[in-house]
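The values are calculated or read from the model by the stated rules, or taken from the named source; none is laboratory data. Just so you know, these numbers come straight off a predicted model, no measurement behind them. We place every Cβ from the backbone using ideal geometry, glycine too, and count neighbours over all the protein chains shown.
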């Protein structure tokens, strides 16, 4: 069975060269971790994208479209130089002018850059969203690829817990609209800058006391990014991390009030959550609310959506202090989760296949196909092109997955008729006036007619 993420089917042939050393056509393949999404699978992607877009826009968020390439410095400053993304995973190169450019590994930095550059944040509140491919040089595995797709939501200019709650409400509504039931919400507060500074100092003192037990990555992060140690996936580090100082013990009054009100809003909305004191982002401009939606249906890669407050980022990149909060979700992981939970997804099969024969039949049939598409809302009608006998055309019709075959030959064309035959049931073939075909098709297929 083909997988919904587009990686199913027979693996492509290995790289081949001819005897004279030239690369043969069979050797041309996609870059590892950058996958084709095949026609059989795109309806599922379109359904996912359309559903997400509809829910996000229902909250009043507007789309912004961002370039794939940004200056490398943007990501070094926003994500942080002492991160796996910047150190190991970015696709970075020099262009012909000698500028260092990077394929975007995430969307928040580009959204902030665009909002600052075009004056969207000057005395304004903004609710924005974006979608598209991101790029990280990671080891490809299910749900994680080198080119992957995200939808991100960012809100600027609002500092209260109400906007934090709103975007969490939105994510919960997304799962409801998609029919997903297995996601668990985890939340935490990273506190204000002063609270994090006090916690950071306590954390560094603790880990310095057990320096010999730290792995290489943790030693490297100890001075520059100690909160990231808490996010280590190394099994041998978990006992040590479990005994580390807890961030909630260092929260100030402002942070506690903000977090308590967020929890009150989630409780009022009936949204279940778990407070996870180890949930961090680890960058200085993140503060107060952070959250993740996780699932156990995707193995080790369990996070399907993550977000939080980053009130310091706009100022860090040279703008005025601007409160901000947002989230991003990965489409490949959502597709895999829809598949794992058995959610019924649309396919790309046509509703009907138009079989044509004879000179008059072909001419009238090509025009008739357009008339049907105009008359029946949402009709997917595949018209036979390239000739062929009735037998071969019906084979194509059956292979297409269509529920109904329509037939117009020379006789039908001259008499204004069309034959209708069910391809998936035992109904007898019927012949009817072409003028009545739209109504009959609509009734059979459960489609509405255009006014």
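List of remarks:
- Taken over region 170-188, residues that are part of a helix (DSSP H, G or I) and either in contact with a strand residue (DSSP E or B) (Cβ under 9 Å, 6 or more places away or on another chain) or touching a residue at least 60 places away in the same chain (Cβ under 8 Å) (or both) amount to 8.
Residues are listed down the side, and each one gets a yes or a no for (1) surrounded by 17 or more Cβ atoms within 10 Å (Cβ to Cβ); (2) closer than 14 Å to residue 354 by Cβ; (3) touching a helix residue (DSSP H, G or I) at 6+ places or on another chain (Cβ under 8 Å):
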position: 376; (1), (2), (3): yes, yes, yes
position: 382; (1), (2), (3): yes, yes, yes
position: 400; (1), (2), (3): yes, yes, no
position: 406; (1), (2), (3): yes, yes, yes
position: 414; (1), (2), (3): no, no, yes
position: 420; (1), (2), (3): yes, yes, yes
position: 424; (1), (2), (3): no, no, no
position: 435; (1), (2), (3): no, no, no
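- The numbered conditions (1) at pLDDT 95 or above; (2) touching a strand residue (DSSP E or B) at 6+ places or on another chain (Cβ under 9 Å); (3) buried (at least 17 other Cβ atoms within 10 Å of the Cβ) are all true for residue 55 except (2).
- Restricting attention to region 31-46, the residues that are farther than 14 Å from residue 336 by Cα and touching a helix residue (DSSP H, G or I) at 6+ places or on another chain (Cβ under 9 Å) total 1.
- Residues (in a loop (DSSP other than H, G, I, E, B) and touching a residue at least 40 places away in the same chain (Cβ under 8 Å)) located in region 104-120: 106, 107
- The residue of region 189-204 that is surrounded by the fewest Cβ atoms within 10 Å (Cβ to Cβ), among those that are within 17 Å of residue 308 (Cα to Cα) and touching a helix residue (DSSP H, G or I) at 6+ places or on another chain (Cβ under 7 Å), is 192.
- Test set (1) modelled with pLDDT under 95; (2) farther than 30 Å from residue 98 by Cα - residue 29 fails condition number: (2)
- Taken over region 205-218, the residue count meeting the criterion of being exposed (fewer than 14 other Cβ atoms within 10 Å of the Cβ) and outside any loop (DSSP other than H, G, I, E, B) is 6.
- For region 295-310, residues that are within 18 Å of residue 106 (Cβ to Cβ) and surrounded by fewer than 20 Cβ atoms within 10 Å (Cβ to Cβ) total 3.
- Only one of the listed residues (261, 292) is surrounded by fewer than 17 Cβ atoms within 10 Å (Cβ to Cβ), outside any loop (DSSP other than H, G, I, E, B) and either on the phi < 0 side of the Ramachandran plot or at pLDDT below 90 (or both). That residue is 261.
To keep it simple, each residue is scored yes or no on (1) within 23 Å of residue 442 (Cα to Cα); (2) in a helix (DSSP H, G or I); (3) without any contact (Cβ under 8 Å) to a residue 60 or more places away in the chain.
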{"position": "355", "(1), (2), (3)": "yes, no, yes"}
{"position": "378", "(1), (2), (3)": "yes, no, no"}
{"position": "392", "(1), (2), (3)": "no, yes, yes"}
{"position": "399", "(1), (2), (3)": "yes, yes, yes"}
{"position": "405", "(1), (2), (3)": "yes, no, yes"}
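- Residue in region 82-93 that is touching a residue at least 12 places away in the same chain (Cβ under 8 Å) and within 18 Å of residue 320 (Cα to Cα) present: no
- Members of region 98-123 that are out of contact with any helix residue (DSSP H, G or I) (no Cβ under 9 Å at 6 or more places or on another chain) and modelled with pLDDT of 95 or more: 98, 103, 107, 111, 114, 117, 118, 119
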